[in-house]
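The values are calculated or read from the model by the stated rules, or taken from the named source; none is laboratory data. Keep in mind it's a predicted model, so treat the numbers as computed, not measured. Here the Cβ is made from the backbone with ideal geometry for all residues, glycine too, and neighbour counts use every protein chain on show. Just so you know, the surface numbers come from the protein's heavy atoms only, side chains and all, with ligands and any DNA or RNA stripped out. Shrake-Rupley method; radii C 1.70, N 1.55, O 1.52, S 1.80 Å.
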Amino acid sequence: MLNRKLDSLSDEVKAIYEKQRDKRAQVMELLTQTLLTMTTVTLEQIKLATATMQVITSDMDDLPRNGQLNIKNKVLEVTAALESLIDTIPKQSLTEVVTNTLAAVTQAMTAASIQTKRGTLSDMDKSAGSEFHYYDTDWESSREGFSDMSPAAAKKGLLVETNGIVQGSVSSEVSTDGFGAIQSLVRLLNQRQTSGSNPVRITTAQMSLSLNKSKPNDLSGVEVAVGRSKLQLPTNLCNLTLSGRNCSSDGSAISVAVIAMPTNPYSGIGTNKNPPIPTAAEILTINMLYSKGAEIPVPQTGSGNEFKFVLQKDQTFFELQYIDPDPKRPMPRIPDGVEVPGTAEGPFDKNRVMYQKLILHEFNMLGDDQSVNFQLKFLNFTPGPSNKCRQFLVVGRLWQAPSLMDPGESFDWWGMIPTSTAYCFRLARPDEPDPFTFFVSNEKFKIAKARVMRTAYDWDRKINTVKFGVRELEEEEWDRYTENRRPPVPYTYTKQQFTVKYNIRIYSSTCYSITPGQTSWNSNGCLVGSRTTILQTECMCSHLTSFAGGFIEAPNTIDWEYAFSNFDFTKNPTLFITEIMIAVFFIILFVWARRWDKKDVEKLGVSPLPDNDPEHKYLYELVVTTGLRRNAGTESKVYFALSGARNDSGVRALDDTKRRILQRGCTNRFLLAVEKPLGDLNFMRLWHDNSGKGSAASWYCDTIVAIDLQTRLRYHFVVNRWFAVEEDDGFIDRVLPVAGPEELQQFGYMFSTHTKKDLTDGHLWLSIMARPPESRFTRVERVACCLLLLFLTMVTACMFYQKEGPTKSTSTALNVGPFSLTPRMIFVGVITNVITFVPLFIVMELFRRSRLHTGHVNQLLSAIDKHFEGARSQKSWHVTCDLEDQQETAEGQRAPHTASTGVTNQEITTAMLELREFRTRKKMCQEQSAKPGKREETMKTNMLSKKARVFPPENLRPSLGGSGFSLG
């Protein structure tokens with residue numbers, strides 16, 4: 001269906017489709033408005049109008065709400081015109097016009113029905129302005145609320161729900177009036193039909209009609225096939241229609257009109273908590289008319305004289321497979337006896353042992369009026385004369401488990417599979433019920449439900465649970481327990497175990513009816529027949545109206561009470577060992593994750609640079625990200641210099657005396673203080689002294705972001721390069737320009753950035769190892785979510801374990817080599833993922849939105865406070881100019897000599913820093929000596945002053961080990 005195809009598309013593609021669809025819908029609305037202006041007085045005008053309606057409504061997905069109402073009104077107008085011209089219209093022309101009109105009205109009804117779940121954009125906007133007149137206050141209701149959604153999602157969900165209510169009222173109006181028009185058109189055809197002639201058959205895209213006019217005696221017991229369904233009329237039709245009058249005369253002719261619609265026009269109408277009716281369910285409408293066209297009322301036919309019809313499943317329905325109820329055992333086994341506490345006769349006697357003598361299976365029902373089919377399939381068994389016959393006893397009970405030993409408990413229903421041992425040697429005929437199916441009619445189910453409701457609490461969720469017990473019969477019991485012969489309780493036969501393995505299949509069916517104008521489907525007056533199978537529903541109804549069949553299958557239920565009552569290591573050591581191993585593994589993982597969470601806390605914070613001057617008031621925040629490559633972290637001393645349009649920072653060192661920085665995959669934040677604003681940044685010079693040991697000497701820098709804390713401007717430096725003599729181009733010093741918008745939007749940068757974020761923070765399992773320290777989602781929380789995912793997956797696997805069975809090759813299956821994907825598999829996969837991932841995503845989102853213990857803003861403010869409080873260690877220098885001159889001379893002589901001695905990069909950097917330091921000291925001494933009488937004062941020195949741009953000169957570019965690198 002179209003909705004299924006749209007659901008598989010991305011949101012962007014669906015948005016484009018909906019916009020295009022809305023434009024087409026607007027055109028459709030204009031066409032239907034023009035159609036209303038067409039005159040329908042003559043036959044030719046009616047032909048033109050009906051042919052136009054049939055074409056306009058053919059694309060039901062694009063027919064808007066007003067268009068549906070316009071078509072409905074035009075159909076009523078055409079019907080009235082035909083009634084006035086009925087005597088003058090030839091039969092062939094009447095059939096042509098009625099066919100087009102039926103096609104138009106049924107397509108409009110289908111459009112109104114399917115758009116209750118997905119309206120056009122214009123109709124959704126109109127619904128938003130309507131009164132939301134429905135508020136669900138039933139605490140047991142299945143309606144989903146919007147309290148847990150984001151505002152945008154809640155707004156969209158409320159709009160869809162509101163549109164469904166508004167469109168539902170329109171659908172009800174179109175369907176009610178549409179069925180009225182259909183019945184009027186059928187009466188017109190009936191007036192031109194002669195008794196005993198061939199039936200009138202009309203087939204359109206959304207309807208099949210069969211009109212048969214004959215004498216009641218000739219129609220009694222006749223089978224009518226229409227659409228996918230078959231109808232068998234009552235055998236005593238004369239008494240129902242003419243009350244026993246002469247049913248053989250020419251004037252006694254009656255007509256039977258059967259209409260089948262492949263799409264449910266009442267999809268917005270519920271079933272009163274019974275199994276639902278899908279949109280693709282075929283709807284069968286039966287009417288009986290007198291010769292002149294008046295409707296024959298049939299309120300009740302009485303028992304044994306019902307209308308019998310078979311409703312086939314939709315072509316997209318995939319057959320539910322048999323499952324092995326106990327795949328671990330090669331043969332079914334009745335459980336051992338259980339001691340009953342308090343049954344010992346004396347203080348030294350043992351408690352009495354209770355034996356069940358049954359293997360139990362259960363099924364959850366919906367509603368109060370439905371049938372149950374319990375099917376068995378013997379493995380490696382085909383009916384034939386050479387087979388060894390076996391027969392099973394099946395007993396069933398609602399709410400509680402059936403018992404063959406306790407007369408007070410007992411059971412509600414009983415039967416045998418196969419129903420007769422004759423079916424061990426031959427196949428059942430097509431007109432016979434399946435002998436390997438134990439069938440409980442909806443009438444029997446209602447009796448059992450009434451019994452349960454007299455004793456059980458209505459809030460007990462198990463009151464709709466049907467439990468079946470199975471055991472293999474001894475040969476002397478074969479064919480004994482018929483409908484009128486109940487198995488003995490207590491059960492006297494001693495055969496304990498099975499001799500054949502079997503699979504089971506359980507499902508439920510219901511027959512519904514509805515009359516135009518009713519607010520819900522109901523099952524009154526209908527019985528589910530014993531010929532109901534997995535692919536069809538047999539209904540026997542005592543009145544005439546529109547009918548449909550409901551179907552439900554449930555996943556495997558988990559009996560927690562049984563599971564905990566059999567909580568024994570010796571019975572299932574594999575399960576216990578598996579759970580113990582999972583528990584030990586995750587406990588170890590929790591301990592490991594907790595330790596790393598503590599280490600991550602130590603990595604957080606903003607580090608003021610040690611060489612910041614407390615007197616400098618202009619602040620920048622530097623965010624340095626180290627890459628994830630192997631050995632990307634460094635222990636070398638890293639230096640940088642920022643250059644702006646107005647000033648530069650001078651040579652500064654990235655350092656933190658309290659924690660390790662620039663480690664692999666880490667993001668470190670530093671506070672840089674300068675005397676004056678640097679202006680718009682142009683570039684950054686970045687290098688290190690290669691002083692780390694071994695692989696810790698190299699560094700792979702990912703990105704650097706400089707943030708002006710006064711203007712909040714951000715300057716990005718995209719690095720993604722090695723600073724290493726043995727990697728890349730061998731350079732450990734690079735000039736990095738500020739990245740522009742084009743560079744930040746390049747595919748390579750965006751791909752690497754998003755991939756890193758998705759792997760380190762988004763991927764649930766990988767992020768346990770690579771979680772960013774600044775993330776709110778801790779490692780312990782991630783481990784807990786992994787454990788939740790594991791157990792939810794195990795639960796859903798239990799729910800749908802072996803529900804599929806062997807895959808059949810069907811027309812709807814997608815076959816790729818030896819693999820086959822069926823709609824049933826897709827359904828189970830979707831349900832499994834919803835049960836697994838919806839709770840998981842909710843928990844993950846709660847963790848991600850949790851409050852940080854210490855936010856980044858607070859950390860930044862703390863670093864700023866430390867800076868202005870003079871947290872940097874200060875040294876007092878008592879200098880003499882003579883000593884400084886001597887040291888400067890020595891250092892000045894040393895600097896040029898380094899260019900030819902092949903010294904290390906660390907020595908070069910150290911020499912330049914010392915030279916800059918002594919020049920600063922000398923200047924300060926000169927300023928002091930120029931003021932006689934002033935005592936020596938303690939001076940605050942900045943080892944790397946920003947006032948002198950210190951870059952290594954051109955002659956300080958040695959070559960190390962054949963790999964060139966540059967400091968300048």
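Of everything in the range 807-845, what is among the aliphatic types (A, V, I, L, M) and modelled with pLDDT under 70? Give them in sequence order.
Of the residues in the range 807-845, the ones among the aliphatic types (A, V, I, L, M) are 813-814, 816, 821, 825-826, 828, 830-831, 834-835, 838, 840, 842-844.
Residue satisfying the conditions is A813 alone.
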Note to self: Go through (1) touching an Asp or Glu at 6+ places or on another chain (Cβ under 7 Å); (2) under 30 Å from R329 (Cα atoms); (3) not aliphatic (A, V, I, L, M) for Y491 and report which single condition fails.
What the structure shows: (1)
Next item on the list: Spot the failing condition for F363; the list is (1) hydrophobic (A, V, I, L, M, F, W, C); (2) surrounded by fewer than 13 Cβ atoms within 10 Å (Cβ to Cβ); (3) modelled with pLDDT of 85 or more, and only one is missed.
Entry: (2)
Check: Regarding K47, is this residue modelled with pLDDT of 85 or more and more than 25 Å from K117 (Cα to Cα)?
Finding: yes
Checklist line | Breaking point among (1) more than 23 Å from K866 (Cα to Cα); (2) modelled with pLDDT of 90 or more; (3) of a type in the set (A, V, I, L, M), for L622 | finding: (1)
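When the residues of the range 389-416 are narrowed to those that are in contact (Cβ under 8 Å) with a residue 24 or more places away in the chain, of a type in the set (D, E, K, R) and touching a Ser or Thr at 6+ places or on another chain (Cβ under 9 Å), which ends up farthest from K444 (Cα to Cα)?
As a first pass, look at the range 389-416 and keep what is in contact (Cβ under 8 Å) with a residue 24 or more places away in the chain: 389-407, 410-416.
Still in the list and also of a type in the set (D, E, K, R): 390, 397, 406, 412.
Adding the requirement that they be touching a Ser or Thr at 6+ places or on another chain (Cβ under 9 Å) leaves 390, 397.
Details: R390: 27, R397: 11 Å.
Result: R390.
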Next item on the list: Within the range 343-360, track down each residue that is modelled with pLDDT of 85 or more and not in a loop (DSSP other than H, G, I, E, B).
Entry: I359, L360
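So, in the range 193-217, how many residues would count as being without any contact (Cβ under 8 Å) to a residue 60 or more places away in the chain and touching a Leu at 6+ places or on another chain (Cβ under 9 Å)?
So in the range 193-217, the residues without any contact (Cβ under 8 Å) to a residue 60 or more places away in the chain come out as 194, 196-199, 201, 203, 208, 210-212, 214-217.
If we keep only those that are touching a Leu at 6+ places or on another chain (Cβ under 9 Å) as well, we get 199, 201, 203, 210-212, 216-217.
Of the residues in that region, 8 qualify.
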Next item on the list: Starting from the range 741-766, keep only residues that are free of Cβ contacts under 8 Å to residues at least 40 places away in the same chain, then list their pairs with residues that are surrounded by 14 or more Cβ atoms within 10 Å (Cβ to Cβ) and in a loop (DSSP other than H, G, I, E, B) whose Cβ atoms are within a distance under 7 Å, requiring at least 6 positions of separation or different chains.
Entry: L759/L766; D761/R771; D761/P772; D761/S775
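For the range 434-446, does any single residue satisfy the condition of being open to solvent by 10 Å² or more (accessible area, probe 1.4 Å) and free of Cβ contacts under 8 Å to residues at least 24 places away in the same chain?
Just the residues of the range 434-446 that are open to solvent by 10 Å² or more (accessible area, probe 1.4 Å), to begin with: 434, 436-439, 441, 443-444, 446.
Add one more test, that the residue is free of Cβ contacts under 8 Å to residues at least 24 places away in the same chain, and what stays is none.
Checked the range 434-446: no residue is open to solvent by 10 Å² or more (accessible area, probe 1.4 Å) and free of Cβ contacts under 8 Å to residues at least 24 places away in the same chain.
When the residues of the range 85-117 are filtered to those that are charged (D, E, K, R) and without any contact (Cβ under 8 Å) to a residue 60 or more places away in the chain, which remaining residue is farthest from Q167 (Cα to Cα)?
Initially, the range 85-117 is screened for residues charged (D, E, K, R), giving 87, 91, 96, 117.
Next, only the ones that are without any contact (Cβ under 8 Å) to a residue 60 or more places away in the chain stay: 87, 96.
Values: D87: 39, E96: 31 Å.
The extreme case among them is D87.
Considering the range 576-627 alone, what residues qualify as being basic (K, R) and not in a helix (DSSP H, G or I)? It would help to see each step written out before you state the result.
Keep residues of the range 576-627 that are basic (K, R), which gives 594-595, 598-599, 603, 617.
K617 - this is the single residue of the range 576-627 that is basic (K, R) and not in a helix (DSSP H, G or I).
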Note to self: Checking Q663 against (1) of a type outside the set (K, R); (2) buried (at least 17 other Cβ atoms within 10 Å of the Cβ); (3) under 48 Å from the mean Cα position of the chain (by Cα): exactly one of these is not met. Which one?
What the structure shows: (2)
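Only one of R4, R24 is at negative phi, surrounded by fewer than 18 Cβ atoms within 10 Å (Cβ to Cβ) and modelled with pLDDT under 90; which? Give the steps one after another, and end with the answer.
Details: R24 fails: modelled with pLDDT under 90.
It is R4.
Yes or no, residue by residue, for (1) modelled with pLDDT of 70 or more; (2) of a type in the set (A, V, I, L, M):
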residue: I269; (1), (2): yes, yes
residue: K273; (1), (2): no, no
residue: S291; (1), (2): yes, no
residue: Q312; (1), (2): yes, no
residue: L320; (1), (2): yes, yes
residue: P332; (1), (2): yes, no
residue: P341; (1), (2): no, no
Notebook entry, point to check: So which of K230, K213 ends up being open to solvent by 50 Å² or more (accessible area, probe 1.4 Å) and either in a strand (DSSP E or B) or modelled with pLDDT of 90 or more (or both)?
Noted result: K230
Next item on the list: Residue by residue through the range 180-206, note down the ones that are in a helix (DSSP H, G or I), touching a helix residue (DSSP H, G or I) at 6+ places or on another chain (Cβ under 8 Å) and modelled with pLDDT under 90.
Entry: R192
